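Visitor: The structure under discussion is supplied below as structure tokens; questions concerning it will follow.
The values are calculated or read from the model by the stated rules, or taken from the named source; none is laboratory data. Keep in mind that what you see is a predicted model, and the values were worked out from it rather than measured. Cβ: placed from backbone, ideal geometry, glycine included. Neighbour counts: every protein chain shown. Just the protein is used for accessible areas: all its heavy atoms, side chains included, with ligands, DNA and RNA removed. Shrake-Rupley method; radii C 1.70, N 1.55, O 1.52, S 1.80 Å.
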Amino acid sequence: MSIERKLRFREQSLDGIRSGLALMILFFCPIESAAAETLTDALVKAYQSNPQLNAERARQRGTDENLPQALAGYRPQVVASLSAGLQAVRDLLPDNTVQGATLHPWTIGVTVTQVLFNGFKTANSVRVAELQVRSGREALRNVGQGVLLDAVTAYMNVLANQTLVEAQRTNVAVLREIQATTKRRLDAGDVTPTDTAQAEARLSRGLADLNAAEVALATSKATYTQVIGEAPSQLTPAAPVDRLSPATLAAAKETASHEHPAVLGAGFDVDVAQITIKVAESSLLPTVAVQASASRSKQSDTSLSTFGTDQASILGQINVPIYDGGTAASQTRQAKELASQSRIVLEQVRNQSRTAVVSAWVSNEGAKVALTAAESEVRAASIALQGVRREAQGGQRTTIDVLNAQQELTNARSRLIQAQRDRVIASYTLLSAVGRLDVHTLNLNTPDYLPEVHYHQVRDAWHGVRSPSGR
């Protein structure tokens with residue numbers, strides 16, 4: 001082989017190593033740019049504008065309204081009434097004469113009813129509403145964790161696919177050079193047509209892999225836009241968040257059992273179901289109420305000599321249920337069964353939480369091993385490719401050996417990119433499994449959504465149909 005060809009092979013070898021290092025730098029090292037977007041920036045955008053999270057916040061605001069509805073049982077009920085019309089009267093007198101008249105009667109009145117005792121139904125309904133609000137807040141927090149984890153996954157998918165596209169483009173460029181070199185060597189009689197066909201086949205495969213990578217990138221960008229709310233710009237590499245998770249598996253399981261929103265929400269649901277039994281039992285107890293009313297009527301009775309009537313009354317009412325067909329008893333039994341179900345669900349959620357923690361912990365540890373192995377594989381594959389190229393220069397290796405070594409290096413780079421992606425996602429998944437994937441733990445630069453604000457705005461509202469936001 002001529003000195004010129006040897007130099008060309010050596011140059012290609014160095015180019016392959018440089019491109020591998022460039023891809024590793026692209027994925028692992030931050031990119032300084034005014035337009036660069038970090039994972040933290042993406043999480044802030046998702047937290048502020050994700051439609052799923054905003055819908056859950058609206059649901060929670062609706063749940064807050066259960067409390068003023070329950071508190072209404074302590075307040076008086078005031079009803080005003082007004083009736084007016086046209087009345088034709090025809091009286092038959094004893095002397096068989098007929099007397100007729102057309103009247104315009106009207107009545108206006110107001111009635112105030114205050115319940116004094118209803119079997120503790122109001123008090124227990126208020127407790128149920130309070131617990132429903134607390135359960136709803138945990139459900140909101142759980143949805144927030146899911147949205148943030150989706151944002152991390154979408155971000156890392158785009159970043160990984162962008163790097164994978166660059167790796168495949170580098171691979172295609174190297175394969176094109178190998179194909180061109182093989183053709184020149186064929187013309188010079190150094191190789192056979194088989195070598196040329198092998199180079200062309202491997203180039204076609206590289207182009208197909210590049211196309212698949214570009215398709216995956218386009219799909220991941222669409223998912224990113226859906227989750228984050230904006231199209232991805234120039235993304236910068238992200239680091240794992242192991243420092244925010246418990247140090248041991250036992251500590252992680254303990255933390256999840258006390259802090260995970262799904263577990264806490266299921267606990268509140270048990271309390272709701274337990275107190276709902278007392279609400280149902282209240283239908284079996286007496287009800288005491290006071291009712292005051294006042295009214296004025298005109299032309300209400302033609303048989304009297306009066307022209308109008310004014311009335312006022314204060315009445316006490318006691319209603320004692322004796323038999324309602326078994327409805328209240330059935331509702332009580334039903335509430336007891338639902339309470340039993342909620343306790344079983346709580347235990348189920350606890351088991352699921354422990355399983356999720358173990359799975360996330362093992363996946364995170366496995367991602368660390370996979371990343372280390374992938375880094376070693378890339379280094380070894382780069383050295384192997386360089387060696388195969390040198391041996392090919394000396395006639396000890398064939399074109400297919402060079403192509404195989406190049407393919408192995410490309411596959412190793414792809415696995416390294418995937419391992420880095422999985423490493424970051426696994427660390428965030430573990431943080432979510434223990435119940436700590438939130439704004440405070442991540443220290444995101446965004447105002448936290450506080451459901452307590454709306455709760456206090458509507459809790460003691462006696463009237464008004466506008467929401468605190470003005471709708």
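Visitor: How much of the accessible area of the chain, in percent, comes from carbon and sulfur atoms when a 1.4 Å probe is used?
Guide: Carbon plus sulfur share of accessible area: 55 percent.
Visitor: Still on this structure, please answer the following. Any idea what the dipole of region 226-296 comes to, in debye rounded to 20, about its Cα centre with Lys/Arg Cβ at +1 and Asp/Glu Cβ at -1?
Guide: It works out to roughly 300 debye.
Visitor: May I pose another question? Reachable lysines from Lys221, Cα under 30 Å, same-chain residues fewer than 8 places away excluded?
Guide: By straight Cα distance, Lys221 reaches Lys45, Lys368.
Visitor: Can I ask one more? Relative to the longest principal axis of the C-alpha atoms of the chain, give the angle of the C-alpha long axis of helix 327-393, reported between 0 and 90° and rounded to the nearest 10°.
Guide: With both axes taken from Cα atoms, the answer is about 10 degrees.
Visitor: Where does the chain land at 222 nm, in deg cm²/dmol rounded to the nearest 500, when only DSSP H runs of n ≥ 4 count, each adding -39500 (n - 2.57), divided by all residues?
Guide: Helices in the chain give a 222 nm mean residue ellipticity of -23000 deg cm²/dmol.
Visitor: Between Ala250 and Val358, what length in nm is gained on full extension when 0.36 nm per residue of separation is reduced by their alpha carbon distance?
Guide: Result: 38.0 nm gained on full extension.
Visitor: Go through 90-100, 263-273 and give me the packing order, highest mean Cβ count within 10 Å leading.
Guide: In descending order of packing, they fall as 263-273, 90-100.
Visitor: At a 10 angstrom cut-off on C-beta neighbours, averaged per residue, how do the peptides 356-364, 372-380 rank from highest to lowest?
Guide: Descending packing order for the listed peptides: 356-364, 372-380.
Visitor: Highest first, please rank the peptides 163-171, 196-204 by the mean number of other Cβ atoms sitting within 10 Å of their residues.
Guide: 163-171, 196-204
Visitor: Another question about this same structure. Using r as the Cβ-Cβ distance of Val288 and Ala218, and R0 as 60 Å, what FRET efficiency do you calculate, to the nearest 0.05?
Guide: 0.30
Visitor: Rank Val165, Leu82, Leu131 by how far each Cα sits towards the positive end of the charge dipole of region 78-225 (+1 on Lys, Arg Cβ; -1 on Asp, Glu Cβ) and give me just the farthest.
Guide: Leu131
Visitor: What distance in nm lies between label points placed 7 Å from Cα along the C-beta direction at Phe120 and Ala188?
Guide: 9.8
Visitor: Rolling a 1.4 Å sphere over the protein heavy atoms, what is the accessible area per residue of region 255-410, to the nearest Å²?
Guide: Using a 1.4 Å probe on heavy atoms only, each residue of region 255-410 averages 56 Å².
Visitor: Let me ask another. For mean projected area of the Cα convex hull in nm², one of (i) 38.7; (ii) 28.1; (iii) 20.4 was computed from the structure I shared and the rest are decoys. Which label?
Guide: Given (i) 38.7; (ii) 28.1; (iii) 20.4, the structure-derived one carries the label (i).
Visitor: Which lysines, if any, have their Cα less than 23 Å from the Cα of Lys278, not counting same-chain residues under 8 positions apart?
Guide: Lys121, Lys336
Visitor: Skip the ligands, DNA and RNA, and give the accessible area per residue of region 100-151 with a 1.4 Å probe, whole Å².
Guide: 45
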